[in-house]
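No lab work stands behind these numbers, since they all come straight from the coordinates. Predicted model, so just to flag it, every value in this text is computed and none were measured. Note that each Cβ is placed from the backbone with ideal geometry, even for glycine, and that neighbours are counted across all protein chains shown.
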Amino acid sequence: MNYDYLVVGAGLYGATFAQKAKECGKSVLVIDKRNHIAGNIYTEEQEKINVHIYGAHIFHTNNTEVWNYLNRFTVFNRFTNSPVANYNGELYSLPFNMYTFNKMWGVVTPQEAADKIEQQRREAGITEPKNLEEQAISLVGKDIFEKLIKGYTEKQWGRDCKDLPAFIIKRLPVRLTFDNNYFNALYQGIPVGGYTQMVEHMLDGIEVRLGEDYLANKEMYDGMADRIIYTGPIDAYFDYKLGTLQYRSVRFENECLDIPNFQGNAAVNYTDRETPWTRIIEHKWFEFGKDSEGNDIPKTIISREYSSEWKPGDEPYYPVNDAENTELYAKYKELADKVPNVKFGGRLGEYKYYDMDAVVASALDFCRQELG
Ligand code: UDP
């Protein structure tokens, strides 16, 4: 059988492309090395709770096209991400907002908070931030950097904040208002029934084969379709011939507890250096309203998240977009551009720290070029 498209990887990029291609009347085969669809947004139901197996994913976007597109396949609930930071038992609101500043400094008005940040920025003498540490101090001052950013970031990335790019911290909003909503996004939520069900709906009527390793049998697979959409790691495609791109990996320790409520929130970040995990996710709060306390389910499932350096064979999670890796990626990209009939897409194919909405937006853009 010869397909118009072979999509390698049943994650969000692959599923978006496959769905659109099918809608345009193309024949599509989707394969995935794993034994499930949905890539890293895969959720699995345990104890009536949808567990985010590869880490918490909270959908948020300002892109109406992407929002409307995904709403064809799921209903999003009203979940709003408002993590709590735990620094040695002191609790702070995230993202950085008036609640955080009040707790940290006792300031009451936005002007007092702004003055405090400005004073700490001046004391640090930073004019043009060159790295994450300088960027963070110039955004929120030294105290917040020390208590809420430094330890968490160094655990998360395994690198000193001075050796990390400034853009990572710009993901976090800083507000002089009382607003614990982590994302500056018009639309936000979690698919009711889990992400897996959403991707299942996207792939409805499309042939999907699981447990199939494209790279182990590339020639055979290449012969099956006119065009390939490859969403695996770009360096693996080229057998790592220019070297290995680095990732941060994450290890989860999941526990099912016989209590209805462990931490009262979906995410608690442990921002001190001593606690070995970066955060604890309590999955039920992604889908159950807190007013009902989700207490019709007497149990709860939590995941402690440990960040670790990646080595080949581990699950790659976060691309490390520092200078060295960015340069190596550019070289792989040059090779990729010369491979006829293969499109490299998604977080691993483009080696990019992508939010979910940006993955879908990029897939939809590509669909416009490719499918018209
Ligand atoms: N970050 C931090 N303290 C926190 C949460 C985040 O310093 O409590 C920093 C950290 O450097 C992290 C970055 O902000 O890598 C981006 O965080 P985000 O929550 O967006 O990361 P993700 O959810 O993608 O893991």
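The length gained by stretching the chain between Leu335 and Asp4 to full extension, at 0.36 nm per residue less their Cα-Cα distance, is 116.8 nm.
With the alpha-carbon atoms of the chain aligned to their principal axes, the span from lowest to highest coordinate is 69, 50, 36 Å, starting with the largest. Between Leu186 and Leu242, the contour length at 0.36 nm per residue exceeds the Cα-Cα span by 16.0 nm. Pair-distance distribution of region 1-146: all C-alpha pairs, bin width 5 Å, starting at 0; shares per bin in whole percent are 2, 7, 11, 12, 12, 11, 10, 10, 9, 7, 5, 3, 1, 0. Annotation: extensible slack from Asp160 through Arg209 equals 13.4 nm (criterion: 0.36 nm per residue apart, minus Cα-Cα distance). Between Gln369 and Asp258, the modelled label-to-label distance comes to 5.7 nm, taking each label 7 Å out from Cα in the direction of the beta carbon. Separation of region 205-268 and region 146-198, taken as the distance between their Cα centroids, equals 22 angstrom. If you look at the Cα atoms of region 224-334, you get an Rg and a Dmax of 19.5, 54 Å.
Between Gln119 and Glu90, the modelled labels are 1.6 nm apart [label points 7 Å from Cα along Cα→Cβ]. The GNM of the chain, with springs linking C-alpha atoms under 10 angstrom apart, assigns the highest mean-square fluctuation among Tyr195, Tyr69, Tyr247 to Tyr69.
For a Förster distance of 22 Å, can you work out the FRET efficiency between the beta-carbons of Asp143 and Thr80, rounded to the nearest 0.05? Kindly include the intermediate steps, with their values, before the conclusion.
Details: r = 26 Å, r/R0 = 1.20.
Once the sixth-power term is evaluated, E becomes 0.25.
Report note on the peptides 253-263, 309-319, 295-305: ranked by the mean count of other C-beta atoms within 10 Å, highest first, their order is 295-305, 309-319, 253-263. Remark: spin-label model distance Glu315-Gln111 equals 5.0 nm, labels positioned 7 Å along the Cα→Cβ axis.
Mean sequence separation of contacting Cα pairs (under 8 Å, at least six apart), scaled by the length of the chain, corresponds to a relative contact order of 26 percent. How are the C-alpha pair distances of region 295-358 spread across 10 Å bins, as whole percents from the shortest bin up? Spelled out bin by bin, region 295-358 gives 16, 36, 27, 12, 7, 3 percent. Applying the Karplus relation 6.51 cos²θ - 1.76 cosθ + 1.60 with θ = phi - 60° to region 52-69 yields 3J(HN,Hα) values of 7, 5, 9, x, 5, 10, 10, 7, 8, 7, 9, 8, 5, 4, 5, 4, 5, 4 Hz, where x marks Gly and Pro. Top mean-square fluctuation among Thr153, Thr100, Thr326, Gaussian network model of the chain, C-alpha springs under 10 Å? Residue with maximal mean-square fluctuation among Thr153, Thr100, Thr326: Thr326.
Share of Cα-Cα pairs in region 88-183 beyond 15 Å, in percent?
Numbers: 2672 of 4560 pairs.
The proportion of pairs with Cα distances above 15 Å equals 59 percent.
Working ranking of peptides 327-337, 139-149 by packing, defined as the average number of other Cβ atoms within 10 Å per residue, highest first, is 139-149, 327-337.
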